[in-house]
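Some notes on the structure that comes next.
The values are calculated or read from the model by the stated rules, or taken from the named source; none is laboratory data. Note that this is a predicted model, so its numbers are computed, not measured. Every residue, glycine as well, gets a Cβ built from its backbone with ideal geometry; the counts of neighbours run over all protein chains shown. Keep in mind that these areas ignore ligands, DNA and RNA; they rest on the heavy atoms of the full protein, side chains included. Shrake-Rupley method; radii C 1.70, N 1.55, O 1.52, S 1.80 Å.
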Amino acid sequence: MLILECPYCGVKAEETELSPGYEAHLKRFGPGSSDDDFEAYMFARKNPKGVHFERWRHSYGCGKWFLAARCTATLEVFGTYPAQSSEPPADLVAKIKAKRPDWKGFK
Amino acid sequence: MKRYSVFAIAREAFRDHTGWERAWRNPTPKAQYDAIIVGAGGHGLATAYYLGKNFGITNVAIIEKGWLGGGNTGRNTTIIRSNYLQDPSAAIYEKARSLYETLSQDLNYNVMFSPRGLLMLAQTHHEVRGYLRTVHANNLQGVATEWIEPNRVKELVPIINIDGPRYPVLGALFQARGGTARHDAVAWGYARACSAMGMDVIQQCEVKGVRSENGQVTGVETTKGFIGCKKLGIVVAGHSGQVADMAGFRLPVEAVALQALVSEPIKPCMDVVVMANTVHGYMSQSDKGEMVIGGGTDGFNNFTQRGSFHHIEETLRALVETFPMISRLKMLRQWGGIVDMTGDRSPIISKTPLGNCFINCGWGTGGFKAIPGSGWAMAELMAKGEPGALAADFNMWRFREGQFIDESVAAGVAH
Ligand SMILES: Cc1cc2nc3c(=O)[nH]c(=O)nc-3n(C[C@H](O)[C@H](O)[C@H](O)COP(=O)(O)OP(=O)(O)OC[C@H]3O[C@@H](n4cnc5c(N)ncnc54)[C@H](O)[C@@H]3O)c2cc1C
Ligand SMILES: [Zn+2]
């Protein structure tokens, strides 16, 4: 069972309290962008087997969106952080690097 | 290959079954092949089979990291149908369905194809309109389907509750020649036929890298060493993104878990397949008597072949309303597979940025039914280097062009 701690209300929320929102930190492209960028934004997800950054919503709690770092190969959760972050916080990245030395890092 | 037949059974009965030979060889890899297929699931094996059968290309290896048929091919609920909405889908799924009709004879292996009839229940007015539209589309496509009213549904499925409080049955899209087949047998039958043509099915051998020079693949790095090839076909379902990454390109695919479960075996009670897409549940009865049940996908990227319990609960909650008699059934086994989902819920059978490398993936929750047709189309693509009519629309660049083959709108779920 997946348990994520909501960074706003501090509740350790179990999966049925949450709604998944797939890949985090997507850079949005709209009118005027190149076909490549627009296609990548719409469809080309990272889909890694390993460390992944995702959006989740605490739907049956405070209702807010937040972000989570998780391993898709083991379901281990590394941590959660507010949705207002444009990239994962440095301490979280350091923690993941320590646990997964082969991880290529967040780019 | 010694053929299976009634005479073979009689002969072996008289000599204590000592004369059966292994269904396929267990070869060590050669240094070089004309074609390598990565992934010995149904789609990879069928690709190899039709490369040999339709194009005479038999210097082929099928490389599998686990055991053949151990991926989604051995984990699905075996529903076969071709009542899709869009023309390219109807064409390839109907090709596959029609090949299933004679697959046992073709492979000399009993795949237990059972065209017992398949119903897709309409439980909202939106679905009624959607399925009427599909029936009309299918008529134009030459796929035999019909719309049936609730009383006919009840005749076909006596155990169904057609006036449930939340989701009454308002009718159904019926495909009389839809049904099921034995999933393992499909993989084994193709593997045996491939092996008999001289192809090498290499199990317990993981592809770790793709070597290329000047935009052409030269071979693959595996746990059994480097193996060279003139053409490469990537047919690895849930791991498509990972193998594509080794070949240096990206795919519009995400991997999520899809679960299924079976009940304890009971007396025959339902001789058709029933799908209820609004509530994300579907059910059929296996020859052993188990009720085979599946639902919708889990909601996040996952490679563990394990799903979340609450999705199973949701599926069963809905099915118990539709089939009240299953409420006291014990469930025996439950499992998950990693399915490769594309943005329009349609597969990819395509050339790639590498000249002699081809990909077949994105079958997601519904590719078992497509195995023979997909192998047929992929073999043509690999042999000729260009897609034929069945594969052309399924190229991976359709997302860029906005030419979706949109089955997600058509069906909601796509098993
Ligand atoms: C629970 C469930 C229910 C389903 N129900 C239905 C249904 O009712 N009807 C239907 O039509 N479809 C259904 N499907 C979908 C169907 O199972 C799949 O679309 C289909 O089996 C895919 O076949 P495949 O050959 O592409 O993949 P797979 O059978 O998964 O084969 C891919 C193979 O590639 C191998 N591989 C991966 N990476 C590597 C590597 N690096 N090196 C070597 N080998 C590798 C894997 O080990 C695997 O054996 C269901 C799926 C699931 C999970
Ligand atoms: Zn919260």
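Assorted remarks:
- Any hit, region B:307-315, residues being more than 14 Å from chain A (Cβ to nearest Cβ) and either part of a strand (DSSP E or B) or not hydroxyl-bearing (Ser, Thr, Tyr) (or both): no
- Scanning region B:100-127 for residues that are modelled with pLDDT under 95, part of a helix (DSSP H, G or I) and surrounded by fewer than 18 Cβ atoms within 10 Å (Cβ to Cβ) returns B:His125, B:His126.
- Candidate set: region B:285-304, residues that are among the β-branched types (Val, Ile, Thr) and either within 14 Å of chain A (Cβ to nearest Cβ) or in a helix (DSSP H, G or I) (or both); chosen: the one farthest from A:Lys46 (Cα to Cα): B:Thr297
- Residue in region B:223-244 that is polar (S, T, N, Q), part of a strand (DSSP E or B) and either surrounded by fewer than 21 Cβ atoms within 10 Å (Cβ to Cβ) or within 14 Å of another protein chain (Cβ to nearest Cβ) (or both) present: no
- Qualifying residue in region B:146-157 (condition: at pLDDT below 95 and of a type in the set (Asp, Glu)): no
- Enumeration of residues in region B:366-399 that are farther than 18 Å from B:Ile37 by Cα and surrounded by fewer than 23 Cβ atoms within 10 Å (Cβ to Cβ): B:Gly388, B:Ala389, B:Leu390, B:Ala392, B:Asp393, B:Asn395, B:Trp397, B:Arg398, B:Phe399
- Selection from region B:55-83 of residues that are away from ligand 1 (no atom under 11 Å from the Cβ), of a type outside the set (Gly, Ala, Ser) and farther than 30 Å from B:Leu119 by Cα: B:Phe55, B:Ile57, B:Thr58, B:Asn59, B:Val60
- Applying a threshold of 9 Å to beta carbon distances and a minimum spacing of six or more residues, or different chains, the list of pairs starting in region A:15-35 at a residue that is of a type in the set (Val, Ile, Thr) and ending at one that is assigned to a loop (DSSP other than H, G, I, E, B) and open to solvent by less than 40 Å² (accessible area, probe 1.4 Å) reads A:Thr16/B:Ser308.
- Checking region B:261-284 against the condition returns a match, with at least one residue being modelled with pLDDT under 95, crowded, with 20+ Cβ neighbours inside 10 Å and part of a loop (DSSP other than H, G, I, E, B).
- Matching residues in region B:344-371 - criterion: being of a type in the set (S, T, N, Q) and more than 6 Å from ligand 1 (Cβ to nearest atom): B:Ser346, B:Ser350, B:Thr352, B:Asn356, B:Asn360
- Enumeration of residues in region B:323-343 that are of a type in the set (A, V, I, L, M, F, W, C) and either within 16 Å of ligand 1 (Cβ to nearest atom) or outside any loop (DSSP other than H, G, I, E, B) (or both): B:Met325, B:Ile326, B:Met331, B:Leu332, B:Trp335, B:Ile338, B:Val339, B:Met341
- Residue list for region B:337-353, filter: modelled with pLDDT under 95 and more than 12 Å from chain A (Cβ to nearest Cβ): B:Arg345
- Where a residue in region B:324-342 is closer than 26 Å to B:Lys154 by Cβ and its partner, wherever it lies, is in a strand (DSSP E or B) and charged (D, E, K, R), with Cβ under 7 Å and at least six apart: B:Leu329/B:Glu264
- Within region B:50-99, being within 22 Å of B:Ala257 (Cα to Cα) and in a helix (DSSP H, G or I) holds for B:Asn72, B:Thr73, B:Gly74.
- Single condition A:Leu18 does not satisfy, out of (1) out of contact with any strand residue (DSSP E or B) (no Cβ under 6 Å at 6 or more places or on another chain); (2) over 30 Å from B:Gly402 (Cβ atoms); (3) within 11 Å of another protein chain (Cβ to nearest Cβ): (1)
- Qualifying residue in region B:40-54 (condition: away from ligand 1 (no atom under 15 Å from the Cβ) and without any contact (Cβ under 8 Å) to a residue 40 or more places away in the chain): no
- Search result, residues across region B:128-156 that are farther than 28 Å from B:Lys95 by Cα and open to solvent by less than 40 Å² (accessible area, probe 1.4 Å): B:Pro150
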